[in-house]
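Asker: Here you go, one structure.
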Amino acid sequence: MGVLLQGFYFGPGHVHGVPSPLDGDKTVPFWWDHLAAQANMFRRAGFTALWIPPPLKGASGSSSNGYDEFDDYDLGDKDQKGAVPTRYGGREQLERCVAVMRANGIDIYVDLVENQRDGDDGHFNFEYVNALGQPASGRFPKGPLDFHPHVPEDPGVFTDEFVFGRDLAPINGQGRHVFNGLLAAGDWLTRSLDVQGFRLDDVKGVSTQFMVPLLNHGALAGKFAVGEFFDTNVGLIQTWMNAVQHRSSAFDFPLRFMLATMCNDPGAFDMSTLDHAGLTGADPLGSVTFVENHDTDQGEPIVRNKMLAYAHILTAEGYPCVFYRDYSTDKNCFGLKPEIDPLIWVHEHLAEGPTLQRWKDPGVFAYERLGGGHLLVGLNKDSITRTIRVQTGFPPHTQLQDFAGHAGSVTTDGASMVTIAIPENANGRGYVCYARPAQVGPFPVKAIATTQDYEGAGDLDIQPAVENQRTQVCRIFAEAHTVIEARFFFDISHWAGTTSIQLELENPAGAQVGAQKFGQAAQQGSGFQFRTNNRGFHSFFVEASNTPPENKTPSFRLQVIYMAPQTA
């Protein structure tokens, strides 16, 4: 199933998000660049997907962590709310980060905030600048009748007790303006970045009648989704999952808070309650497990024995998510990478199939994963070493290795039973992971090309084609000796026989290496290919000629397929 990395945190001294040069220290890299620089390391450690924070411009500008979303079409390249880039960087840096992750075989999950918008004029009016910086000209403006309480609360909302901004009403809003606008914006975002999945923020406040059409719309269709239904009631989470027709999985908050008690207050916790616990126990294929996230880390953190919780989610069923601040060795992070990495290897190579409980008492829980070659796991919350004898599914007289590195090898007896000693719970290291001996090493990297769309229009963030004016569309970060493929789509409304758009490509040295003129009769989606000589930023430009008065600045969509370097 893979291992997900939550690729951000709200650290001490950075309550608005990760460190950023926008705080004043120019030696600090933008977050998108910092993530890109670690892409190859992430994949070789075994991560298969990266969850990035909301990438759109927030109401608080350079201080925004992204959850106060303002403009649905500003990825950090419009001058509004006091900044051009977001706290995490500009659009070009974000697209480069995604491309480098894809070159390392890592999927990208983007955080979708569909419950609220912030930064209006005080009267529920939202207006945006366009690519030229002109006010009140950007796509998808909003007014009072797009929001509750100016219209009734949408059906299929589980709660509105938490108010994080102006409450969007995609179902009951006037004329379905918000419904259609959010679907179009989600499709644009997905295509612009090349997204493989979504983390859905605060789904309690979003209509389930909207969520299903959203996740089945355009480029979002068929992609992974996980909802933040912040509740410890397994049945209530399952009710939400049923309401969205199981189009989305959900984070296992019930299990997380059990693990928090196990770690923070082991004396009060009964380890036997972990047997098929939480959402994972009821629906392992629909559950995303986690130990910490950006919210719990700020409000209800696990402050001791955290590795015992990671040992569980990385060996049990469910789709595990590792928190960047726990994993990373960055300043203000907890540096658990050396201990988490072996567990990622165990998860990806050994932890398969259903779970069978092999031992449980108030201090120890042991279980076996029955798929593949089998995996026997023992978790001990006690302050003493616990020795247990258990039945296993391994053949008789099979030598077993502890891949946690906490105990020596053991061998099953003639009845396939084995005696294991689980070390004391010192700093959360009371766990063992037994399986047949194997060679442990870094994960291979399978490069994947990136497909990103760049749309130019009068109300977007990229200018349309302008008559007799050569305009830069984008720069893409490509590897040497790989192919860049350009596919061009354009609005030919009212075109004459002499109307055309010239598309050009320059290499990192500024030399033109590709060009094509598209006239009225040109096939939509046609284009050209270029094989790169050097790695670096390659730039696309457009220029229109003889455009008619009715379509003076034609809109277009440039789709670029390319391979980024594996190291940024």
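Asker: Summing +1 for each Lys or Arg and -1 for each Asp or Glu, what net charge is found among the other residues whose Cβ lies under 10 Å from the Cβ of Asn172?
Answerer: For residues surrounding Asn172, the net value is -2.
Asker: Oh, and also: Over all Cα pairs of the chain, how is the pair count split among 20 Å bins, expressed in % and running from 0 up to the last occupied bin?
Answerer: The distribution over the chain is 20, 49, 26, 5, 0, given as percents.
Asker: Determine the per residue accessible area of the chain with all protein chains present and a 1.4 angstrom probe, expressed in square angstrom. Please list the in-between numbers first.
Answerer: Working: 20330 Å² over 568 residues.
Spelled out: the 1.4 Å probe surface of the chain, per residue, equals 36 Å².
Asker: Counting only protein heavy atoms and using a 1.4 Å probe, what share of the accessible area of the chain belongs to carbon plus sulfur, as a whole percent?
Answerer: Carbon-and-sulfur percentage of accessible area, whole number: 50.
Asker: On the Cα set of region 212-315, report Rg and Dmax in Å, please.
Answerer: Using the Cα atoms of region 212-315, the pair Rg, Dmax is 14.8, 51 Å.
Asker: Sticking with the crude label model, points 7 Å out along Cα→Cβ, report the distance from Asp413 to Ser137 in nm, one decimal please.
Answerer: 8.3 nm
Asker: So for the pair Ala421, Gln524, with labels modelled 7 Å out along Cα→Cβ, what separation do we get in nm?
Answerer: Placing both labels 7 Å beyond Cα along the Cβ direction yields 7.2 nm.
Asker: Along each of the three principal axes of the Cα atoms of region 340-438, give the extent in whole Å, ordering the values from largest to smallest.
Answerer: The Cα atoms of region 340-438 stretch 32, 29, 24 Å along their principal axes.
Asker: Right, something else. Based on alpha-carbon positions alone, could you give the equivalent ellipsoid semi-axes of region 491-568 from the gyration tensor, as √(5λ), descending, whole Å? Could the numbers behind the result be given before it?
Answerer: On the way: eigenvalues 166, 28, 23 Å².
Equivalent ellipsoid of region 491-568: 29, 12, 11 Å, largest first.
Asker: So what is the calculated 222 nm ellipticity per residue for the chain, using -39500 (n - 2.57) for each DSSP H run with n of 4 or more, over all residues, to the nearest 500 deg cm²/dmol?
Answerer: Calculated mean residue ellipticity at 222 nm is -5500 deg cm²/dmol.
Asker: What longest region of the chain stays clear of GluC sites (Glu not before Pro) that DSSP places outside H, G, I, E and B and that have at most 16 other Cβ atoms within 10 Å?
Answerer: 162-351
Asker: Further question on the same structure: Can you tell me how much longer the chain between Lys517 and Ala282 gets when fully stretched, taken as 0.36 nm per residue apart minus their C-alpha distance, in nm with one decimal?
Answerer: 78.8 nm
Asker: FRET efficiency for Gln298 and Asn242, Cβ-Cβ distance as r, R0 = 25 Å, nearest 0.05?
Answerer: So the FRET efficiency works out to roughly 0.20.
Asker: Between Phe230 and Ser539, what's the calculated FRET efficiency when r is the beta-carbon distance and R0 is 60 Å? Round to 0.05. Can you show the working numbers first?
Answerer: Working: r = 44 Å, r/R0 = 0.73.
After rounding to 0.05, the efficiency reads 0.85.
Asker: Oh, and also: When the expected Rg is taken as 2.2 N^0.38 Å, what fraction or multiple of it is the alpha-carbon Rg of region 245-287? Write down the numbers at each step before the final one.
Answerer: Values: Rg = 11.9 Å, N = 43, 2.2 N^0.38 = 9.2 Å.
Against the compact-globule rule of thumb, the ratio is 1.29.
Asker: Follow-up. Can you quote the Å³ per residue value for the convex hull of the Cα atoms in region 278-321, rounded to an integer?
Answerer: 71 Å³
Asker: Let me ask you something else. Expressed in whole Å with the largest first, what are the equivalent ellipsoid semi-axes of region 91-226 derived from the C-alpha gyration tensor as the square root of 5 times each eigenvalue?
Answerer: 26, 20, 12
Asker: Which values of log₁₀ I(q)/I(0), to two decimal places, follow from the Debye formula for region 68-133 at q = 0.17, 0.19 Å⁻¹ with a uniform point scatterer at every Cα?
Answerer: For the requested q values the scattering log ratios are -0.72, -0.85.
Asker: Give me the extension gain from Val163 to Leu356: residue separation times 0.36 nm, minus the current Cα-Cα distance, reported in nm with one decimal.
Answerer: The span from Val163 to Leu356 would gain 65.2 nm if fully extended.
Asker: Taking every alpha carbon pair in region 34-108, what does the distance histogram look like in 10 angstrom bins from 0, in percent?
Answerer: P(r) over region 34-108, rounded to whole percents: 22, 43, 27, 8.
Asker: Write down, largest first, the equivalent ellipsoid semi-axes of region 369-526 in whole Å, where each equals the square root of 5 times an eigenvalue of the alpha-carbon gyration tensor.
Answerer: Over the Cα atoms of region 369-526, the ellipsoid semi-axes are 66, 17, 15 Å.
The values are calculated or read from the model by the stated rules, or taken from the named source; none is laboratory data. On a predicted model such as this, the values are computed, not experimentally measured, just so you know. Virtual Cβ from ideal backbone geometry, glycine too; neighbours counted across all protein chains shown. Note: areas computed on protein heavy atoms with side chains; ligands, DNA, RNA excluded. Shrake-Rupley method; radii C 1.70, N 1.55, O 1.52, S 1.80 Å.
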